[in-house]
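A short write-up of the structure that comes next.
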Amino acid sequence: WVFLWEKGYQETDSVVSSVTTKVKGVTLTNTSTLGARIWDVADYVIPPQEENTVFVMTNVILTLNQRQGHCPELPDDKTECKVKNNCVPGYVSTHSNGIQTGECVPYNSHIKTCEVFAWCPVEDDYHIPKPAFLKEAENFTILVKNNIWYPKFNFSKRNILPNINSTYLKNCIYDSQTDPFCPIFRLGKIVEAAGQNFQEMAVEGGVMALQINWDCNLDRAASHCVPKYSFRRLDNKDSAHTVSPGYNFRFAKYYKDSNGTESRTLVKAYGIRFDIIVFGKAGKFDIIPTMINIGSGLALFGMATVLCDIVVLYCMKKKYYYREKKYKYVEDYEL
């Protein structure tokens, strides 16, 4: 077990890794608010570069042309009002979009809400677009470039293997059966391989893990040291716990007109964050662990007789019979 299965004759080292990514894909949307619009990598990969992670926006709520000013707050139990006295000047709650002015103003023809000093109009995120705004994101691809190093053995390699040429790299898509070493992954296939539905996940977002395993036996040729890819969903998807699901965040794009008036487009981005997790270990023959494990094995053989004696002399039914055969009692003739 120690020598053959656990390779007790080898010295081991943990992997040191670096990861870079590149996403590709273009999609078209056509809505009454935005009209026909092309979305490319600069629009849906936010931010452009992260460490071992890439976020792809799949759904979005846009609030266009916001300016600082006075406007009605979104209606809820704490902001709806009938008269001015229902609103408290300077009041701010955890979920406020601004600071209340103390006025009660019409939100629409049926409801009045407290006026706030905020970026107006305030964002309305009660209704998430379904299906996802960028539902074609499942056809986007991500190129993962991974360099690994085992410092103890001064061994380095990358997941774009030596036999991969430019022509193959431009046309391949990872498949566990036909293309297990292609470093280009289709986003829909990543989610599918983890047992999830991409279109469902795209609505509210989530977190996926792209795992790269580098377990290498360096007593063999370097060509046998290859990456193994696996996928799983990291955020909890449980139908019994639906509070604050998925993954989203906000950011804004700011503008100034010719008069110097500042405005912005507020973006609430839903999407899938892909975490690239690299792990593994390498082993190579070394005389020191070999001798240590041989010594430990010999010591265990010496313990074997002691353990057997304990079992047969104290645990078995015929322990008295064994004791009579093991020990011989002699008389003391001097007495």
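Values for this structure:
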quantity	calculated
Relative contact order of region 152-275, defined on C-alpha pairs under 8 angstrom at six or more residues apart (%)	23
The chain: relative contact order in percent, alpha carbon pairs under 8 Å with at least 6 residues between	22
Cβ-placed point charges (K, R +1; D, E -1), dipole of region 7-64 about Cα centre in debye, nearest 20	280
Label of the coordinate-derived value, P(r) over Cα pairs in 10 Å bins from 0, in percent, listed as [x] 5, 19, 25, 23, 16, 8, 3, 0; [y] 5, 17, 18, 16, 13, 10, 8, 6, 4, 2, 1, 0, 0; [z] 4, 16, 27, 27, 17, 7, 2, 0	[y]
Most to least packed among 191-201, 212-222 [average Cβ atoms within 10 Å]	191-201, 212-222
Loop-located trypsin sites (Lys or Arg not before Pro) in region 1-90, at most 11 other Cβ atoms within 10 Å (DSSP)	Lys82
Among Lys253, Lys157, Lys318, residue whose mean-square fluctuation peaks in a GNM of the chain (springs only between Cα atoms under 10 Å)	Lys318
Relative contact order (percent, whole number), region 75-163, Cα cutoff 8 Å, 6+ residue spacing	18
Debye, to nearest 20: dipole size of region 1-111, +1 on Lys, Arg Cβ, -1 on Asp, Glu Cβ	500
Residue-by-residue Karplus 3J(HN,Hα) for region 145-153, coefficients 6.51, -1.76, 1.60, Hz, glycine and proline x	10, 10, 10, 10, 8, 10, x, 5, 10
Karplus (6.51, -1.76, 1.60) ³J(HN,Hα), θ = phi - 60°, over region 255-260, in Hz, Gly and Pro reported as x	9, 9, 7, 5, 8, x
Cysteines without a disulfide-compatible partner [the chain; Cβ-Cβ under 4.7 Å]	Cys308, Cys315
For the chain, size of Cβ-based charge dipole, Lys and Arg +1, Asp and Glu -1, in debye	720
Ordering of 163-174, 144-155 by packing [mean C-beta count within 10 Å, highest first]	144-155, 163-174
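Read-outs: derived from the displayed coordinates by stated rules, not from any lab. Owing to the predicted nature of the structure, the values given are computational and were not obtained by experimental measurement. As a convention, Cβ positions derive from the backbone with ideal geometry for all residues, glycine included, and neighbour counts pool all protein chains shown.
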